[in-house]
Structures are given as structure tokens and as C-alpha cells.
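Below: one structure, written as C-alpha cells.
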Amino acid sequence: MTIRASDAQVCRVCGSRMEHTFADLGMIPLCQKYIEIQDLDRGETFYPLRARVCMQCFYVGLPEYVRAEDIFTEYAYFSSYSDSWTKYIAASVEQFVDEFSLGPSSQVVEMGSNDGYLLQFFVARGIPALGVEPAANVAKIANAKGVPTLAKFFNLQTAATLKEEGKSADLLLAYNCLDHVPDLNDVVAGMKILLKPRGVIQVEFPYLRSMVEGNQFDTIYHDRFSYFSFLAAHHVFTHNGLRVFDIERIPLHGGSLRLRACHADDSTHPVQSSVARLLADEEVCGMKSPEYYTMFMRQITATKHNLLDCLVRLKRDGRSIVGYGAPAKGNVLLNYCGIRSDFIDYLVDRSPYKCGKYAPGTQLPIRDVEQIRITRPEYLFILPWNIKNEIVEQMSYLREWGGKFLVAIPEIEIL
Ligand SMILES: [Zn+2]
């Protein structure tokens, strides 16, 4: 692992120095680095997790404490495992095919294509699709499923090579990965190169405003370098010769933005009123003033105090608590608050990749969900709060023995 302190203070969008803290979550290990049993006594590397804000352009980002190459070579998140996400993806592919009249002569490219969970729906319809996915283990799974996938980082160089090989995109997708790239301008410049003259880029990423309003500080982690307002995202695309022609707030992942862009000189996609409306709206809600960013840390600290207060009371009453899910955000929350086996007996997760391993930092064991029926915990602490309702429904049998659900984000809640 390489610590990169040299670029710690430079804004990825405008190049100014970033001197103001947005969120400081202390020292935390990489939240996707699940531990094998034989490695429990080997120690873990902890890195600062401190997001800063640029007061010139209001871009919020983390320094590249750990190089992206070191994080993404083996990545534990297989997105296919969430039911609601898979349903959403299948429906959105239908929409693309109709809206852009995609067929056998079209080309769809997705950066950060994961295990092919999205592109498989295009492949099934006979529409040529290509994934670009940096995690080699994940790309291998996609290829085995019949989704052609390059095990590479998407950047200017990758895009130029594909273009030389005669590939260019009618539809270029990037779902929840633009926030993971350290060299933002290089990647967006690559998108422009790969896009056909009348092609469309659709990008989705978590929305900074939803994060602040929803108190979602646990979605800050070392491999998410950027936390976008529309203001900042709009600037990045415009700066790279692209034109944002549509923007929409969507409820996914706690609140995201869906941005559509085309070449700056492509007149086939007129700019929708949504663009000016959201930019104005961000100004009205204070996103162009420093206080909007500097007040977030007070909110984070208050949540930690309230959560620990609740857990201490439960433990003093002799209650048993099990954590549901071992997602990245859960690992950040548990580490930031210092919640280990002193509060939680174990975690459960539906992903076979995580079961049998241990959570980073807290070293809590991750077990199969069925374990809950056996040990009958009195409280189930739901860590992936974004799918809270789905989990409460799936795990309703907890009520058989009087069990309750606990959620910490946006605020402490017992269900
Ligand atoms: Zn800046």
C-alpha cells in the first residue's frame, strides 16, 4: 500500500488548495478489506479518513490516501446480490433500448461494470456490450457469464486504445464509479474520446446534498475520492468538452444524481430545464456558502454520541445485539464509533464472499443470515440503512421472539 500525501490538498476540479475539513472520521482501515481467519493476528493498516472541501468551487473529496490500483485489484462488492438494485437495473435497460433505439449495430460501454449485472441485460437482447472493470476477479466472473469485460481502469489511455481498435459508444454508462476515480479529469476526457458524435453518456453517482441531508457520513470511504454536488459535477463535464443536458435526483443509494451528457457541439440533445433548475436550487439551499460544508462535522459527532448512548443502555440492560450486513458503510460506522464485540456479537451478510471472513478494523465475524434463527438476538442493528425496509420485511421472523430492529442513520431509531 502506498500512502500519497503529496496530493492531499489539491482540488481535483479546479486545482486550488483544499484546506477546510468536511468530515474527519479518524483512522480507519480499508472498509472492503475483509479479513481471513488466519490473518486475524497479523494487524491491519489504518489510514486517515478525512474529506475536505474546496472553497473555490465547492468540490468535496478525499486525498488518495491509498492508490486506486491497490484498492481495486480484488474488490469484494458484487452488486448482483441486492434484489431491489437488480430490479431497478433490468427496468432501466428496457428504457435505454426504447429511448435510444438500440439494436445489433449499437455499442454500449460501461465503465466500472462490476460482474456484468447491468450489461447482461443488453447481451441477452443481442446488443453489443463491453464492460471495463478494474477488479480482475470481478471482470473474470463477468466474462464467464458471457459479458465481454476488459480488466482495466477506464481512463483516457484505455478510451484512446478502444477508439483505435474501432470501438466507440452510442451509450456510455458509469454507475456509481465516477466518485471512485482519483484522476477525475482524465476519466471524463476518456469518456469524450470514446463517445460517438451523437452518443449519450449516462452517469449516476451519490448526491452530496442527500448525504448531508440524510446524515450519511458512513458513505465516506477511502475508495470514494469524490462527493459530488451538481455544481461540481457540471463543472467537470463542461471543462472536458461535454454538455450536461439533463439531470435528475433519484432515490437510489440514499439519494443520487442521474446526469446525462453529450458532446458540447451535438445539437440533437437540447439542454433540459432541469439543469438550470437544480443549479439554482443548490444555490438556494446554501451549497455555494462555506457554512454548508463546515457544519457537517457537528452533525456527525452528535450521531456518534447518540448511537453509543443507545448501545451502552442496551448492553447495561443485558440485551444481545447482532449486526445485519457487512457493507462498506457499516464498517465505516462501526470503526468511527468504536463499536466492536463489546457491543455486537457478530455480523451476518447474504454475500458468500463475505461469510466466514471478519470485518475490517472491528474484526467482527461475518456469518450466514441463518445464524440469526439459531441465536435469536434481541436487537438486529441494520447497517445498510438504504435497504432498511427490505431487510425488516425479510427478517420479520425476528418478531417471533420479540426481537427489534435498530438503525443509526439518519438518526437512531428502534423498529
Ligand atoms: Zn476546486
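Summary table below
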read-out: Single residue of segment 179-209 satisfying the filter (assigned to a helix (DSSP H, G or I) and touching a Ser or Thr at 6+ places or on another chain (Cβ under 7 Å)) that is surrounded by the most Cβ atoms within 10 Å (Cβ to Cβ); value: Leu208
read-out: Segment 20-71, subset open to solvent by less than 70 Å² (accessible area, probe 1.4 Å) and of a type in the set (S, T, N, Q), residue nearest to the ligand (Cβ to nearest atom); value: Thr21
read-out: Helices (runs of 4 or more DSSP H) contained in segment 247-356 and holding at least 3 residues open to solvent by less than 60 Å² (accessible area, probe 1.4 Å) and within 29 Å of Glu370 (Cβ to Cβ); value: 296-316, 328-337
read-out: Residues located in segment 103-119, provided they are at pLDDT 95 or above and crowded, with 19+ Cβ neighbours inside 10 Å; value: Ser106, Gln107, Val108, Val109, Glu110, Met111, Leu119
read-out: His235 being in a helix (DSSP H, G or I), at positive phi and modelled with pLDDT under 95; value: no
read-out: So Ser80, is it among the polar types (S, T, N, Q), open to solvent by 20 Å² or more (accessible area, probe 1.4 Å) and either modelled with pLDDT of 80 or more or on the phi > 0 side of the Ramachandran plot (or both); value: no
read-out: In segment 218-232, the residues that are touching a Cys at 6+ places or on another chain (Cβ under 7 Å) and part of a helix (DSSP H, G or I); value: Ala232
read-out: Any hit, segment 388-399, residues being open to solvent by 50 Å² or more (accessible area, probe 1.4 Å) and under 29 Å from Asn137 (Cβ atoms); value: yes
read-out: Failed item in (1) surrounded by fewer than 19 Cβ atoms within 10 Å (Cβ to Cβ); (2) modelled with pLDDT of 95 or more; (3) in a loop (DSSP other than H, G, I, E, B), with Gln157 passing the rest; value: (3)
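The values are calculated or read from the model by the stated rules, or taken from the named source; none is laboratory data. As the structure is a computational prediction, the values presented were derived from the model and not from experiment. Ideal geometry is used to build each Cβ from the backbone, glycine not excepted, and the neighbour counts take in all protein chains shown. What goes into the accessible areas is simple: the full protein's heavy atoms, side chains included, and nothing from ligands, DNA or RNA. Shrake-Rupley method; radii C 1.70, N 1.55, O 1.52, S 1.80 Å.
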